Every structure is written in structure tokens, then in C-alpha cells.
Amino acid sequence: MSEYLMAMTYDECPVENVWEEMNDYVIDESIDLNTQLKTIAKTDVAPVVHVYKINGEQSTFIKEVRYEEYQCNCEKWA
Ligand SMILES: [Zn+2]
């Protein structure tokens, strides 16, 4: 069974205690990973993206990438 990479976007608000999954995307490994993750984060306005390696039923966490530009603004007003 072939392996592939998947990215999952998350919405996060530390002030309101929100942590929720948004969308998942299959990564095209022929394209630069960081460029792709940035595009995905921008599409969803997601402050956090997780990358997983998928192999059949198994998913292995690879890394977390954070984008400060998409963080919620709550903390600025708290
Ligand atoms: Zn917030």
C-alpha cells in the first residue's frame, strides 16, 4: 500500500478555548511542502496546519506549522 502525506488545518483560539479541525488536503510531493502548506493555510485562514503520513489505516504525525498572520485577534483585546 502506498504512503502519502496529508495536511490538516486547525482553527485555534486560546482565549475561547477553541481547537477544531477544519479541512484535510492530500499533499502533492512533487511541489515544495512549505509552499503548499502556506497556500493551504491561506485558503482556510488556518493558524495551525498539521502534516501526517498516511499508510493504509495508519497515520503518523510528522509536524506542526504555525502561521501567526492567521491567528485570531482575541489576545490583542483581552
Ligand atoms: Zn480567539
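If a residue has to be farther than 17 Å from M22 by Cβ and aliphatic (A, V, I, L, M) to count, how many in segment 40-78 make the cut? So the answer is 3.
Quick check on segment 30-48. Is at least one of its residues free of Cβ contacts under 8 Å to residues at least 40 places away in the same chain, assigned to a strand (DSSP E or B) and out of contact with any Cys (no Cβ under 6 Å at 6 or more places or on another chain)?
Here is the first cut: in segment 30-48, the ones free of Cβ contacts under 8 Å to residues at least 40 places away in the same chain are 30-48.
Now narrow it down to the ones that are assigned to a strand (DSSP E or B): 48.
Adding the requirement that they be out of contact with any Cys (no Cβ under 6 Å at 6 or more places or on another chain) leaves 48.
Checked against the condition, which is being free of Cβ contacts under 8 Å to residues at least 40 places away in the same chain, assigned to a strand (DSSP E or B) and out of contact with any Cys (no Cβ under 6 Å at 6 or more places or on another chain), segment 30-48 yields at least one hit.
When the residues of segment 10-48 are filtered to those that are within 16 Å of the ligand (Cβ to nearest atom), surrounded by 11 or more Cβ atoms within 10 Å (Cβ to Cβ) and not hydrophobic (A, V, I, L, M, F, W, C), the one that is nearest to E68 (Cα to Cα) is P47.
Among residues of segment 65-78 that are of a type in the set (G, A, S) and within 9 Å of the ligand (Cβ to nearest atom), those with a Cβ under 8 angstrom from a residue that is at pLDDT below 95 and outside any helix (DSSP H, G or I), sequence gap 6+ or separate chain, pair up as A78/V15.
The values are calculated or read from the model by the stated rules, or taken from the named source; none is laboratory data. A quick note: this is a predicted structure, and the numbers were derived from the prediction, not measured. FYI the Cβ positions are ideal-geometry reconstructions off the backbone, even for glycines, and counts take in every protein chain you see.
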